[in-house]
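The values are calculated or read from the model by the stated rules, or taken from the named source; none is laboratory data. This structure is a prediction, so every number in the text was calculated from the model and none was measured. Quick reminder, even Gly has a Cβ in these numbers, built from the backbone with ideal geometry, and neighbours come from all protein chains shown. Ligands, DNA and RNA are excluded from the accessible area calculation, which covers all protein heavy atoms including side chains. Shrake-Rupley method; radii C 1.70, N 1.55, O 1.52, S 1.80 Å.
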Amino acid sequence: IMERIKSISRVMGWLLKLGIYLTALGFIVSAILIILAPNSGNFSIGQFKIPVNQLTAGTKIILIISASLIYAVFLYALISLKKLFALYEQGKVFDEANVKYMKAFSYSIIMYAFLKSIILVSISIVIAISTSGQNSLNISLFEELPTLIIGIIFLIISMIMDEARKLKQEQDLTI
């Protein structure tokens, strides 16, 4: 069973590493596209499209900073998950570090949901102001509710993992 856990964890480690690189690449490409956006076409935020010629340099900077915050939190989640699977690959299943990385993953998913919601609403306000109200985006604060729920579920799982770790530690001390 342990060899199967190690094998699956190794594959997950590779997939997460790929995800980390692709996320970083996605951010770089997004930032370049925001900076070098031509004065024609649309800039998409979720399901909304804003004419690029209405984006000021200041709005573009705000978009890049906002995107970098969202990408950073998402990258942290992926890195925490990769570290968790690295421990599994080493055969460490009931370790304190496992709980630490699972909690880090959970908190980063919860933070991602809050941050993305707040930033999308903020961006919609900035764009509405910078385009003199020509583009108003109606973004709900509850758009990321499923992500928030998933983060909370993983946090509960991390608490259960911690109790299981403590139980295993007690059993190891019992003669």
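Table for the structure above
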item	result
Out-of-range pairs (alpha-carbon distance over 21 Å; input Lys17/Lys116; Lys83/Lys103; Lys82/Lys168; Lys17/Lys168)	Lys17/Lys116; Lys82/Lys168; Lys17/Lys168
Per-pair calculated FRET efficiency, R0 = 25 Å: Phe94 and Glu3 via Cβ, rounded to 0.05	0.90
Residue-span extension gain [Val11 to Thr56] - 0.36 nm each, minus C-alpha spacing	11.8 nm
Distance in nm between pseudo-label sites at Ile149 and Lys168 (7 Å out along the Cβ direction from Cα)	3.0
Sequence of Ser117, Ser68 from largest to smallest accessible area, 1.4 Å probe	Ser68, Ser117
Share of pairwise Cα separations in region 63-105, more than 16 Å, in percent	41
Label-point separation in nm, Leu33 to Ser68, each point 7 Å along Cα→Cβ	1.9
